[in-house]
Amino acid sequence: MSFFKRLVFYLFGFMLGMIFLFYFMDKKDATFNYSPNKRVLADIKKKDWLFDLNIDSSEIKKRDLINKFEVDFSKSNVELDSCKTYVLINKIEKKDYFFKIENCSKVAKFKKTLF
């Protein structure tokens, strides 16, 4: 079998596999979180959220968490055993505001907004 025929068969199978993957994974709402930033945000997203009194809960929505925010690991404290503290930075809008989050086992507590 010539190289061209093998390439055509490979590309055909690859395309069928990609169509299958995109079709079924889209229905499952599956995410592939390989970076540490995405893993932390996905973990925070699936927990119950508690807001401090000075935070307007309309500023942040669960569906926008992964797209609009990044975790600043240099300002975060991940060495704690009970509740790790992360600092989220808004990367889309021009406003510079930060959320300090205590990520506990079942609850994510949004503590304060720093300007």
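Since every read-out is calculated from the coordinates, none of them should be taken as a lab result. Only a predicted model underlies this, so the values are computations on that prediction, with no experimental measurement involved. All Cβ positions, even for glycine, are placed from backbone atoms using ideal geometry, and neighbour counts span all protein chains on display.
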Q. Which ³J(HN,Hα) values in Hz, rounded to whole numbers, follow from the phi angles of region 3-15 under the Karplus curve 6.51 cos²θ - 1.76 cosθ + 1.60, where θ = phi - 60° and Gly and Pro get x?
A. 4, 4, 5, 5, 5, 5, 4, 4, 5, 5, x, 5, 5
**Q.** Packing-based exposure ordering (other Cβ within 10 Å, fewest first) of Y23, Y86
**A.** Y23, Y86
Q: Please list, in chain and number order, the residues 5+ apart from I60 or on another chain whose amide H is under 5 Å from its amide H, with Hs placed from the backbone.
A: none
(Q) Quick check: pseudo-label points 7 Å beyond the Cα along Cα→Cβ at N33 and E79, how many nm apart are they? (A) 2.4 nm
Q: Would you mind getting me the FRET efficiency between L16 and W49? Use the beta-carbon distance for r and R0 = 41 Å, nearest 0.05.
A: 0.50
Q.
Give me, ordered by chain and number, the residues 5 or more places off C104 or on other chains with an amide H under 5 Å from its own placed amide H.
A. K109
(Q) Can you list residues from other chains, or at least 5 along the same chain, whose modelled amide H is less than 5 Å from the amide H of S76? (A) V87
Q) Whole-Hz Karplus ³J(HN,Hα) for region 98-110, in order, using 6.51 cos²θ - 1.76 cosθ + 1.60 and θ = phi - 60°, x for Gly and Pro? A) 10, 10, 9, 10, 9, 9, 8, 5, 10, 9, 10, 9, 7
